[in-house]
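A.B. asks: Below is a structure I'd like to ask you about.
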Amino acid sequence: MCGLAGYADLSGRPADLALLARMTAVLAHRGPDGEGLHLEGPVGLGHRRLAIIDLATGTQPMASADGRLWIAFNGEIYNFRELRSELERRGGWFFRTSSDTEVILAAYDAWGTACLRRLRGMFAFALWDAPQRRLLLARDRVGIKPLVYARLGDRFLFASEIKAILEDRTVPHDLDWEALGEYLTLGYVSAPRTIFRAIRKLPPASYLLLDPDSGRQSVHRYWDLQFRPDTRRSADEWMEGLRHHLVDAVESHLVADVPVGAFLSGGMDSSTVVALMARTQDRPVRTFSIGFDHADFDELAWAREVARRYSTDHYEMVVKPDAMEALPRLVWQFDEPFADSSALPTYYVAKITREHVTVALSGDGGDENFAGYRRYARAAALHRTLDVGPGRSIRPLLAVASRLLPRGVRGQGYLDLLGAPALERYFRMVALQTRAGLDALLGPEARRHLPAAPDGTRFQRMVAAAHVDDFVSALQYVDVHTYLPEDILTKVDRTSMLVALEARVPLLDHVLMEYLATMPSSLKLRDGQGKYILKRVMAQALPAGVLERPKMGFGVPLGAWFRGEVRDYARDVLLSRRTAERGLLNPLEVHRLLAEHAAGRDRSALIWALLCLEEWARRWLD
């Protein structure tokens, strides 16, 4: 796990060594074990290393044996030994190291960009092909590892994090207004946009080719998750196959030359990972958990139960309101406004984990793969009633009734939801607010710049293009392409990398994901409960309480905090003259939100989003 940065001068001048050094240095938190720079004509590669595999000879940027290819790589390739053996059998490649980085170079040499489909792991890398005079940027299938870039005249910059690109003082900090609208609607900014108009994200499962001589640039997609349910197998056959794929995914993610541990929330997904780790290791698994003083958000009791079951070496931390002190540091690390408050506990669990191990496995991805989110059950129930069931004929009437009511009347929002098409309903379920709410919240200048806010048509186009027919599978597909990479995986990468911890996500192993995409959704979501088949497979391995308890989620007690210990902090920031003069937000609407929350209506998620936006603006705009 590392950080990479780079530069290409499209005018033919030599790459700027001083700029490349600054870009690389600002990523030191991602790789405290070493730094490397390589210049070759108009192209420069920079790398910060967190040593995980091949501690002695894995230094980067790394060259192929003949010096024709150079790479800066962030991530882990879990099948690199199998690929290396295949390449050695083919002949023509001599390996000087035992690293996965060198295997990527050889794989590219053998198969070109088709090598990406052979890589099993998480990765973002930049590869300079000197003979073909082309720069290749590539990102893993689901977006576990980040990669951003900017093209400004004759300069092409790229890096693991936006802050490295901003080391070029000529990069404008102008807002992408549509990205701002998306952030205030969904809580994150989706690829290819970033909050900065000049900077773009390389989407997951994509690669970018750049010819520095001609300036030609193109982005290509090399993989997509295809939901094609196979109804020929029995439930027992599916369970047996799932057992095999779960064990295979977890075992493959344990390859490392440094200590490995696991995040243990006490939920189904992380408990599954810990249980499978325990059966494959001959020493106790090291597990790490976070809790809260508020019972509705605290899962420590369940985590302890799993830890006792497997005699893990267990560590805990209770997060209290003073944890908000970390917000400015997180704002610096995320580079963009980011509204998922679980970034706070994720940062703290990463922090205590890094005190003991260098690598940690997490359970992220289980909800997307096994239809575990409660919103899936709710959306599916409404779909059965309003789109294909007895309520189908009244849905248009509900939409009309909503439009006829005065705005803000109690119950109007629910009528509006019921009257919307299926994927528009799902969009509104995951959104922080409606378009009307966004318009009220924005200041005059921001409203003028924002031509359109996100809505459910994006989800509809996505599902239609992928030809996903099953409704629950369609919801999974949407989340795999939006919420998972832009929220969940962004949160895990940035918080873990801030403390130089490598976080691995075995439940997002693409072989496992492809297997589950062929499984009928009735084995995932049944009788209003998600993860049906996972619970059956793990029934003998996990405590009954963990299997049967309702999903809690990795939340933060923001509602109580904003009425108690951090109330004044939120008001001081959001109602300050500095915030008002910035003009992004309507001060009267912000005041109303705070008053509503104080009076008992939960507006904590939106207040948190505004707080993160203003703290971000103070750090990155001012």
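A.B. asks: What area, in nm² and to one decimal, does the C-alpha convex hull of the stretch 160-300 cast on average over all directions? Display every interim value, and only then the final one.
C.D. replies: Numbers: hull surface 63.4 nm².
Hull-based average projected area comes out at 15.9 nm².
A.B. asks: Taking Cα centroids, how far is the stretch 421-467 from the stretch 357-379 in Å?
C.D. replies: 24
A.B. asks: Ok, one more. Relative contact order for the stretch 453-557 using alpha-carbon pairs under 8 Å, separation at least 6, rounded to a whole percent?
C.D. replies: Over the stretch 453-557, the number comes to 14 percent.
A.B. asks: Also, quick follow-up: Out of all DSSP beta bridges in the chain, what portion is antiparallel? Express it as a percent rounded to 5.
C.D. replies: Here the antiparallel bridges make up roughly 75 percent for the chain.
A.B. asks: Next question. Obtain the nm distance between the two label points defined at residue 439 and residue 313 by a simple spin-label model: each point lies 7 Å from its Cα along the Cα-to-C-beta direction.
C.D. replies: So the two model labels end up 5.9 nm from each other.
A.B. asks: To continue, here is another question. Can you list the HN-Hα couplings for the stretch 135-149, worked out from phi with the Karplus curve (6.51, -1.76, 1.60; θ = phi - 60°), rounded to whole Hz and with x for Gly and Pro?
C.D. replies: Values, residue by residue: 9, 10, 10, 9, 9, 5, 4, 10, x, 5, 10, x, 7, 10, 8 Hz.
A.B. asks: Report, by chain and number, residues whose modeled amide H sits under 5 Å from the one on residue 144, excluding near sequence neighbours (fewer than 5 apart, same chain).
C.D. replies: Counting only residues 5 or more places away or on other chains, the set is 123.
A.B. asks: Rounding to the nearest 20 debye, state how big the charge dipole of the stretch 168-213 is about its Cα centre with +1 on each Lys and Arg Cβ and -1 on each Asp and Glu Cβ.
C.D. replies: On the way: 5 positive and 7 negative charges, 32 e Å.
Here the size comes out at about 160 debye.
A.B. asks: Accessible area per residue, 1.4 Å probe, Å², for the chain: what's the number? Mind dumping the intermediate values first?
C.D. replies: Details: 23920 Å² over 622 residues.
Here the per-residue accessible area is 38 Å².
A.B. asks: In bins 10 Å wide, starting from 0, what share of all Cα pairs of the stretch 308-375 does each bin hold, as a percent?
C.D. replies: Reading the bins upward from 0: 14, 38, 39, 9, 0.
A.B. asks: Another question about this same structure. Once amide H atoms are built 1.01 Å from N in the peptide plane, which residues 5 or more positions from residue 526, or in another chain, come under 5 Å H to H?
C.D. replies: Hits under the 5 Å cutoff: 532.
A.B. asks: Next question, about the same structure. Hey, what did the stretch 85-140 get for relative contact order, percent, Cα under 8 Å, at least 6 apart?
C.D. replies: Over the stretch 85-140, the number comes to 21 percent.
A.B. asks: Specify which residue in the list 498, 566, 23 is farthest towards the positive end of the charge dipole of the chain, using unit charges on the beta carbon of Lys, Arg (+1) and Asp, Glu (-1), about the Cα centre.
C.D. replies: Checked the options; the winner is 566.
A.B. asks: Can you pull the three principal axis extents for the Cα set of the stretch 506-622, in Å, largest first?
C.D. replies: Extents along the principal axes: 57, 31, 22 Å.
A.B. asks: Oh, and also: Restricting everything to alpha-carbon atoms, can you work out Rg to Rh for the stretch 230-386 with a Kirkwood hydrodynamic radius?
C.D. replies: 1.02
A.B. asks: Relative contact order, percent, of the chain when contacts are C-alpha pairs under 8 Å separated by at least 6 residues?
C.D. replies: For the chain, the relative contact order is 16 percent.
A.B. asks: Sticking with this structure for a sec: Quick one: pull the percentage of alpha-carbon pairs in the stretch 280-340 with a separation above 15 Å.
C.D. replies: Cα-Cα pairs of the stretch 280-340 separated by over 15 Å account for 63 percent.
A.B. asks: Any idea what log10 I(q)/I(0) is at q = 0.10 Å⁻¹ for the stretch 340-446, Debye with uniform C-alpha scatterers and no solvent?
C.D. replies: So the normalised log intensities are -0.49.
A.B. asks: Sticking with this one: Could you state the number of Å between the C-alpha centres of the stretch 260-287 and the stretch 573-622?
C.D. replies: With the stretch 573-622 and the stretch 260-287 each reduced to a Cα centre, they are spaced 40 Å.
A.B. asks: Now a separate question. Which Rg and Dmax, in Å, describe the Cα atoms of the stretch 344-394?
C.D. replies: 19.4, 59
A.B. asks: State to the nearest 20 debye the size of the charge dipole of the chain about its Cα centre, where the only charges are +1 on K and R beta carbons and -1 on D and E beta carbons.
C.D. replies: Dipole size: approximately 1280 debye.
A.B. asks: Follow-up. Explain nothing, just the number: dipole magnitude of the stretch 494-622 about its Cα centre with +1 on each Lys and Arg Cβ and -1 on each Asp and Glu Cβ, in debye rounded to the nearest 20.
C.D. replies: The calculated dipole for the stretch 494-622 is roughly 260 debye.
A.B. asks: A follow-up question, please. For the chain, how many pairs of lysine residues have a Cα-Cα distance under 14 Å, where the two are 8 or more positions apart or belong to different chains?
C.D. replies: Going through the chain pair by pair, I get 7.
A.B. asks: Something else: For the stretch 1-157, place one equal point scatterer on every Cα, skip the solvent, and apply the Debye formula. What is log10 of I(q)/I(0) at q = 0.13, 0.16 Å⁻¹?
C.D. replies: Evaluating at q = 0.13, 0.16 Å⁻¹ gives log10 I(q)/I(0) of -0.56, -0.86.
A.B. asks: Picking from 349, 172, 254, whose Cα lies most toward the positive end of the charge dipole for the chain (charges on Cβ: Lys, Arg +1; Asp, Glu -1)?
C.D. replies: After comparing all options, I get 172.
A.B. asks: Quick one: check the C-alpha center-to-center distance for the stretch 199-214 versus the stretch 177-192, whole angstrom.
C.D. replies: The two parts, judged by their Cα centres, are 21 Å apart.
A.B. asks: Another question, if that's okay. Along each of its three principal axes, how wide is the spread of alpha-carbon positions in the stretch 154-235, in whole angstrom units, largest first?
C.D. replies: 60, 38, 19
A.B. asks: Using the Cα centre of the chain as origin and beta-carbon charges of +1 (Lys, Arg) and -1 (Asp, Glu), tell me which of 550, 8, 111 is placed farthest towards the positive end of the dipole.
C.D. replies: Toward the positive end, the furthest listed residue is 550.
A.B. asks: Give me the Kirkwood hydrodynamic radius of the stretch 424-583 in Å, from all C-alpha pairs, to one decimal place?
C.D. replies: The answer is 19.9 Å.
A.B. asks: Given N residues in the chain, what is its alpha carbon radius of gyration divided by 2.2 N^0.38 Å?
C.D. replies: Working: Rg = 24.3 Å, N = 622, 2.2 N^0.38 = 25.4 Å.
Rg over 2.2 N^0.38 Å, computed on Cα atoms: 0.96.
The values are calculated or read from the model by the stated rules, or taken from the named source; none is laboratory data. Treat the numbers as computed from the prediction; the structure is a model and nothing was measured. Quick reminder, even Gly has a Cβ in these numbers, built from the backbone with ideal geometry, and neighbours come from all protein chains shown. The protein model used for the area step is the full one, side chains on, heavy atoms only, and it has no ligands, DNA or RNA in it. Shrake-Rupley method; radii C 1.70, N 1.55, O 1.52, S 1.80 Å.
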